[in-house]
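**Student:** This is the structure I have questions about; it appears just below.
The values are calculated or read from the model by the stated rules, or taken from the named source; none is laboratory data. As the structure is a computational prediction, the values presented were derived from the model and not from experiment. Counting neighbours? That spans all protein chains shown, and the Cβs are built from the backbone with ideal geometry, glycine included.
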Amino acid sequence: MPRPVFWKVGATDGIRRSQIAHLDRDRGLVVEARRDPTAFEPLYRRYLAQVYSYAYYELGDHHEAEDATERTFLFALSGLPRFQERAHPEDGQGASTFRVWLFRIARNVVANQRRGRRRHRWAPLEAASAVADPMDVEGRATDRAAAADAWAAVGRLPGDRRRAVVLRFVDEMSTAEIAGILGRSEGAVRVLIHRALRSVARDLDKREASFTPAELPGNPAR
Amino acid sequence: MTLPIHDRVEAEALLTDHYLESLLAAHDRHAQDIPFDTALDSDVRRAAAKLRSNLTRVHPSFRFEERLAASLAEAAARLRLAPAAGGESGARRYEGLDYDPADRDIQMDPHDGDPTPRGRVTHPSRPLLIGGALTSAALSIAGAAYVAWRRSRPTSSAMERAVRLAHRQRAVRAASGAIARRGLD
C-alpha cells in the first residue's frame, strides 16, 4: 500500500496559513505505473468494479458494460503519460484525481457507445436480479421489484442527472469529484442531484399509485 | 425573508447534499439514525433512502476480470518494450491514441435530454477517408486491368461466339455497303 502523500498549502487573503491537503491517494501507484506500465495492475484492480458498475448502470447490459470497461482501461493505460494531477484542497480527504480522470474516460467511452444506439435499452428487472442476494430466497421477489422500480426511475432521468446519481450513490463520489467528471461546477452538480431525487420521488409515487394495495412492494400477500 | 427561486433551489440542493453525505457515511458504519435538517423535503429523503438501498455496486465476472488483466499486462509489456525498440519514449498508444482520452470531446446521446455541450465528433475520420480513397483507386485500376484482359482474351462459349459473329457480320455489312456506295460514285 503506498504511503499517502501530503502537501502544504496556504496563503489566502494575505494570511499565510499552513494547511495539510491530502493529494491524490493513487499518486504512488500512478507514479509507479508511469515509470513501468506493467505496474498498472493495482490501479486496475482498485477501480474495476467502480468503472464496470458505472458502465453497467449506464448501458444496462453486461456485455456492453464489459466492452466499455475494457476500452476505458486500455485508454487509461496508454494515456497515463498524459495524466496530470490537479488536486485541490477543497476536493477533500481521499479525493483521487486519478479516479476523476479515469471516470472522465469512462464517461466518454460509455457516451460514445450509447450514441450508436437508436434508443437506450434499460432492463431494470434483469439488472435488478443481477444484484439481488441469491441466498435470500424470501426477500428476493420484493427486493427485485423494489430494485427494478428504483432502477427504472433512474433510467428515466435525463443524461447528466442520471450520471450524477449513479456516481453519487453507486460509486460514492463526492460532489467535487462528480463535478470534475461531468465538467460542471459543484453547485450545478448539487442541483442536478437534488432535481434528480425529486423526479425519482414523483416517479415512485406514480408507480405506487398505479398498484392495487395487494400489489404494493413489501406486502407479504403479494 | 423569501429567497429568489434560483437561490432557493441552490439552498435546497445544499441541504440535500449534506443529507446524502450523512446517508452514505451512516451506511458505511451501519448506523440506523441519519441526522437531517427539518427543512429538507421528505420526498427527497425518501427517494434518497430508496436509491441508497437499491443502487448497489455491480461486480464483473471473475473470468472477465482475469481476461482483461491479461490483456492489460500484454499491452503494458508492449508499451514497456516500445522505447527499447526505438519507439517514441513508451508513447505507443492504444488505437493510435495521441491525445488525453479524458479530454476527448464527445457527442452526447440525443435522447439524453440534458443540455450538455456537444463537441466535435471524434472518430478518426481522416485515416478512414484516405483508406477508402486508396481502396477505391485500387479497385478502379484492378477493374480496368480486368476489362483489358478480358477483351484481349476471347472466350469460347457458344453465346459469346454468336455475339462476336453477329458483331463481325454487322461490321462486314457496313464495310461492303460503304464499298458499294463508293463504287457507284
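**Student:** Which ones in segment A:36-81 are at pLDDT 95 or above and in contact with a Pro (Cβ under 6 Å, 6 or more places away or on another chain)?
**Tutor:** Of everything in segment A:36-81, just one residue is at pLDDT 95 or above and in contact with a Pro (Cβ under 6 Å, 6 or more places away or on another chain), namely A:52.
**Student:** Moving to a separate point now. Tally the residues that are over 24 Å from residue A:158 (Cβ atoms) and either touching a Lys or Arg at 6+ places or on another chain (Cβ under 9 Å) or more than 10 Å from every other protein chain (Cβ to nearest Cβ) (or both), restricting the search to segment A:44-62.
**Tutor:** 3
**Student:** Which one is nearest to residue B:14 (Cα to Cα) among residues in segment A:167-181 that are at the interface with chain B (Cβ under 7 Å from one of its Cβ atoms) and surrounded by fewer than 23 Cβ atoms within 10 Å (Cβ to Cβ)? Steps first, answer last, please.
**Tutor:** So the first thing to find is which residues in segment A:167-181 are at the interface with chain B (Cβ under 7 Å from one of its Cβ atoms), and the list is A:168-170, A:172, A:175.
When the remaining residues are screened for being surrounded by fewer than 23 Cβ atoms within 10 Å (Cβ to Cβ), the result is A:170, A:172.
Working: A:170: 20, A:172: 17 Å.
Out of the qualifying residues, it is A:172.
**Student:** Something else about it: Determine whether segment B:54-65 contains at least one residue that is at pLDDT 90 or above, of a type in the set (Ser, Thr, Tyr) and either closer than 26 Å to residue A:45 by Cβ or surrounded by fewer than 12 Cβ atoms within 10 Å (Cβ to Cβ) (or both).
**Tutor:** Yes: one or more hits.
**Student:** I would also like to ask the following. What is the one condition in (1) at pLDDT below 90; (2) within 11 Å of chain B (Cβ to nearest Cβ); (3) buried (at least 19 other Cβ atoms within 10 Å of the Cβ) that residue A:131 does not satisfy?
**Tutor:** It fails just one condition, (3).
Okay, residues lined up against (1) at pLDDT below 70; (2) farther than 30 Å from residue A:116 by Cβ; (3) basic (Lys, Arg); (4) surrounded by 10 or more Cβ atoms within 10 Å (Cβ to Cβ):
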| residue | (1), (2), (3), (4) |
| --- | --- |
| B:124 | yes, no, no, yes |
| B:128 | yes, no, no, yes |
| B:131 | yes, no, no, yes |
| B:151 | yes, yes, yes, no |
| B:160 | no, yes, no, yes |
